1. In segment 187-221, what residues are of a type in the set (D, E, K, R) and in contact with a strand residue (DSSP E or B) (Cβ under 9 Å, 6 or more places away or on another chain)?
2. Working only within segment 28-41, note down all residues that are surrounded by 12 or more Cβ atoms within 10 Å (Cβ to Cβ) and at pLDDT below 95.
3. Hey, among the residues in segment 154-181 that are assigned to a loop (DSSP other than H, G, I, E, B) and out of contact with any helix residue (DSSP H, G or I) (no Cβ under 6 Å at 6 or more places or on another chain), which one's nearest to Ile228 (Cα to Cα)?
4. For segment 10-32, which residues satisfy the criterion of being part of a strand (DSSP E or B), more than 18 Å from the chain's Cα centre (by Cα) and not aromatic (Phe, Trp, Tyr)?
5. Testing Val44 on (1) surrounded by 14 or more Cβ atoms within 10 Å (Cβ to Cβ); (2) free of Cβ contacts under 8 Å to residues at least 40 places away in the same chain; (3) assigned to a loop (DSSP other than H, G, I, E, B), one condition comes back false. Which one is that?
6. Please specify each residue of segment 188-199 satisfying the condition of being closer than 14 Å to Asp234 by Cβ and either in contact (Cβ under 8 Å) with a residue 60 or more places away in the chain or surrounded by fewer than 23 Cβ atoms within 10 Å (Cβ to Cβ) (or both).
7. Please enumerate the residues belonging to segment 95-118 that are of a type in the set (A, V, I, L, M, F, W, C) and outside any strand (DSSP E or B).
8. Of all residues being of a type outside the set (A, V, I, L, M, F, W, C) and farther than 26 Å from Gly224 by Cα in segment 52-83, which is surrounded by the most Cβ atoms within 10 Å (Cβ to Cβ)? Just the residue, please.
Amino acid sequence: MRLNVSCDLYFQVDDPTALILMLRPFSDAQQWITRSSYIVEPVVPITESKDSYGNFCQRLVAPPGEFIIHTASEAITAEHIDSAPGACFVEIQNLPDQVLPYLLPSRYCESDRFGDLAREIVADARPGYDQVSRIVAWVRHSIQYIPGSSDVPLSAVEVHHRGYGVCKDLAQLAITLCRSISIPARLVAGYLYRLEPMDMHAWFEAYIGDRWYAFDPTQNDLQGGRVIIAFGRDAADVSIFHQFGLGCVLKRMDVRVEMCS
């Protein structure tokens, strides 16, 4: 399917502020970006690089006053998401080197603290895809998905304790449970067609049967129409912007995902 996606950020800047942004989708085996634009008002120099996960990062210094970033892309992406019930667990010694970082505890995914719970959840499930499916079902039924309910970053321990969260909170708890039983898992940030309410979205992927598969604890059906912006170990790696200093406030963010006419 062909989608038009866009994200506009409106900042109020008191002092010149360095920003590192992650707003430009990239083409890979899962999607093809046919057109993109990146406009800032007022115009300032922007440099772009790739981080260690392959994500495009943009660096700039926002000047005092109102500062606006307009981004838009046209993407071709799958209408349906692959699933593979029964796909096998990949033994650690057979994992590709680039997958290994997604086995380890990270800032918001304390997988070294969830082993007993994870083993209880997956109990008699077949190792691999079926274990991840069991984890997703448990998170969906145990943690309430409430858009807009988190205004500060939360770890998996905190989300588990309070019992509700936003999309990235549920995804990170599922990631944590997967890693605790030696299944590599990574956070994905991007756009989702027909998401309600519309916003940036987060889900996760698990490495099973020698490839990555997508899972989404916030959606009852694993629908397609996803445009990926970034992969990472957790939310610290895939934030759409990092600001350095206190002189910059995000006043509004507008996200749109529409089918191309």
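1. In the first step, residues of segment 187-221 are kept if they are of a type in the set (D, E, K, R); the result is 194, 196, 199, 205, 210-211, 216, 221.
Within segment 187-221, Arg194, Asp199, Glu205, Asp210, Asp216 qualify.
2. Gln30, the sole residue that qualifies.
3. At the first step, the residues of segment 154-181 found to be assigned to a loop (DSSP other than H, G, I, E, B) are 154-155, 163, 166, 181.
Checking which are out of contact with any helix residue (DSSP H, G or I) (no Cβ under 6 Å at 6 or more places or on another chain) leaves us with 155, 163, 166.
On the way: Ser155: 22, Gly163: 27, Val166: 18 Å.
So the residue we want is Val166.
4. Correct list: Gln12, Val13, Thr17, Ala18, Leu19.
5. Of everything listed in (1) surrounded by 14 or more Cβ atoms within 10 Å (Cβ to Cβ); (2) free of Cβ contacts under 8 Å to residues at least 40 places away in the same chain; (3) assigned to a loop (DSSP other than H, G, I, E, B), Val44 misses just condition (1).
6. Residues of segment 188-199 that are closer than 14 Å to Asp234 by Cβ, as a first pass: 188-189.
Ala189 - this is the single residue of segment 188-199 that is closer than 14 Å to Asp234 by Cβ and either in contact (Cβ under 8 Å) with a residue 60 or more places away in the chain or surrounded by fewer than 23 Cβ atoms within 10 Å (Cβ to Cβ) (or both).
7. Within segment 95-118, the subset of a type in the set (A, V, I, L, M, F, W, C) is 95, 99-100, 103-104, 109, 114, 117-118.
Across segment 95-118, the qualifying residues are Leu95, Val99, Leu100, Leu103, Leu104, Phe114, Leu117, Ala118.
8. Step one: filter segment 52-83 for residues of a type outside the set (A, V, I, L, M, F, W, C), giving 52-55, 58-59, 63-66, 70-71, 73-74, 77, 79-80, 82-83.
Subset that is farther than 26 Å from Gly224 by Cα: 52, 58-59, 63-66.
Working: Ser52: 9, Gln58: 19, Arg59: 14, Pro63: 15, Pro64: 13, Gly65: 11, Glu66: 13.
Among them, the one singled out is Gln58.
The values are calculated or read from the model by the stated rules, or taken from the named source; none is laboratory data. All of these numbers come straight from a predicted model, not from anything done at the bench. When we count neighbours, we look across all protein chains shown, and the Cβ atoms used for this are built from the backbone with ideal geometry, even at glycine.
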